[in-house]
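A quick write-up on the structure given underneath.
The values are calculated or read from the model by the stated rules, or taken from the named source; none is laboratory data. Owing to the predicted nature of the structure, the values given are computational and were not obtained by experimental measurement. No Cβ is skipped: glycine too gets one built from the backbone with ideal geometry, and neighbour counts run over all protein chains shown.
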């Protein structure tokens, strides 16, 4: 059964539609990469999937017992967020807020979960460091650990390697792949088509044309071939 089923979805804001008639499914264990031209609505789609923004039309159906608070989210960072004056432990723990209900404190199990996810992201030694003193790659690991505190099922990642150097980018992609191998479903926006082809099981392309299917089908499609040609042309 699909974790998420999207039917005839149209996206937009301020009475402006930017993407129409999106239809796709995400099943447990999938690694879905969302690609497309700048301004095509990729980040808007992610916010809509998270119910942070209403759709213009269409519906998003959660299945397999998935609840809204069981989706972890790693958004694109802003300059203000990069300068946040809190410890690594405090930020990772904040990912457990949806588990607290009306409790004004974190319990033993939530603290243990935060410790477990810091270890998964290999940042235990940074627990008492101030977040704003960390490198970009370290900060992304902290935010990924935070997102993992909110879910054991689905992670939504919006350009998780933006601004990182090639070595740190490769390490981040490998971390995300490890999580997928452990059974966590990944939905990731990426401008890096090479990474999408390497890691994804499925690709959703939105923009002047829309495609949804396996990465193998994407590579054989007219949409995929044209986009890849554009990407290569832009790198030359």
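For the stretch 31-43, name all the residues that are within 22 Å of residue 201 (Cα to Cα) and either surrounded by fewer than 20 Cβ atoms within 10 Å (Cβ to Cβ) or modelled with pLDDT under 90 (or both).
If we filter the stretch 31-43 for residues that are within 22 Å of residue 201 (Cα to Cα), which is where we start, we get 31-37, 40-43.
Listed by number, the residues that qualify are 36, 37, 40, 41, 43.
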Restricted to the stretch 1-30, and to residues that are in contact (Cβ under 8 Å) with a residue 12 or more places away in the chain and assigned to a loop (DSSP other than H, G, I, E, B), which residue is surrounded by the most Cβ atoms within 10 Å (Cβ to Cβ)?
30
Would you mind telling me which numbered condition in (1) part of a strand (DSSP E or B); (2) on the phi < 0 side of the Ramachandran plot residue 48 fails?
(1)
Among (1) at pLDDT below 90; (2) surrounded by fewer than 17 Cβ atoms within 10 Å (Cβ to Cβ); (3) under 29 Å from residue 36 (Cβ atoms) - the single one residue 151 does not satisfy
(2)
List the helices (runs of 4 or more DSSP H) that sit entirely inside the stretch 53-162 and contain at least 3 residues that are in contact with a strand residue (DSSP E or B) (Cβ under 8 Å, 6 or more places away or on another chain) and not assigned by TED's automatic domain parsing to the domain that holds residue 18.
136-149
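Could you tell me whether any residue of the stretch 156-163 is under 22 Å from residue 63 (Cβ atoms), at pLDDT 90 or above and crowded, with 20+ Cβ neighbours inside 10 Å? Give the steps one after another, and end with the answer.
Of the stretch 156-163, the ones under 22 Å from residue 63 (Cβ atoms) are 156-157.
In the following step, the residues that additionally are at pLDDT 90 or above were identified as 156-157.
Now restrict to residues that are crowded, with 20+ Cβ neighbours inside 10 Å: 156-157.
Within the stretch 156-163, one or more residues are under 22 Å from residue 63 (Cβ atoms), at pLDDT 90 or above and crowded, with 20+ Cβ neighbours inside 10 Å.
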Among the residues in the stretch 199-208, are any farther than 22 Å from residue 28 by Cα and not assigned by TED's automatic domain parsing to the domain that holds residue 27?
no
